[in-house]
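Structure record follows, encoded as structure tokens.
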Amino acid sequence: MKHIHLEDSWMIKAPVEEVFSIIADFENMPKNFPKVAESITITKQEGNNLEIDAQVRSFGISFPVQMKTIILPQRGFISDNQSPKFGTSGHEELLLEKVREGTRINYVYEVDIHKKWLRIVAKPLIGWFAMKTWEKAVVNELKKILEK
């Protein structure tokens, strides 16, 4: 399977502004989300357009990712990501929605698998497992920070 569509949504009991201030603070992602972000360097910024070199962690492996990200003020971000070492590229959208209970995070990641060996295990590994890992590493951390 060369292409995988990942999608989920979660509730955070906090205002959109508070969720956005943490989720769009890329420079502090290693501090806020250490299970997935080892380091983040913004290499170029023009307004809300960022180019980022990141060292991320997934499946117990650390690897570099280049990100071209657009911050959508008070709404989230969209990002096109490349990881030649891991053999993937993708389009990521993290969009925030104000709801009565707080904020709904709507997350979509379209992943393309470029390495043939990875395609064999891609669906179970990158599919369900990746989303559960991301939920624990990012969403649950947001809840710890914001839900008091």
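Values quoted throughout were computed directly from the atomic coordinates according to the rules given, and no laboratory measurement underlies them. Note that the structure is predicted; figures quoted are calculated from it, not measured. With ideal geometry, Cβ positions are generated from the backbone for all residues, glycine too; neighbour counts draw on all protein chains shown.
Structure above, values below:
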read-out	value
Segment 141-147 - phi-based ³J(HN,Hα) in whole Hz, Karplus 6.51/-1.76/1.60, Gly and Pro as x	5, 4, 4, 4, 6, 9, 8
Net lengthening on full extension, E135/R75 (0.36 nm per residue, minus Cα-Cα)	19.7 nm
Segment 3-146: relative contact order as a whole-number percent, Cα under 8 Å and 6+ apart	29 percent
Vicinal HN-Hα couplings computed from phi for segment 90-104 (Karplus, 6.51 cos²θ - 1.76 cosθ + 1.60; Hz; Gly/Pro x)	x, 10, 10, 10, 10, 10, 9, 10, 6, 10, 4, 7, x, 9, 9
Value of Rg/Rh across segment 1-92 [Cα atoms, Kirkwood radius]	0.96
Gain on full stretching of the segment that runs from E46 to E97 - 0.36 nm per residue minus C-alpha separation	15.8 nm
In segment 5-45, the trypsin sites (Lys or Arg not before Pro) that fall in loop regions by DSSP, at most 16 other Cβ within 10 Å	K13, K35
Where labels lie 7 Å past Cα in the beta-carbon direction, separation of S39 and Q55 in nm	0.4 nm
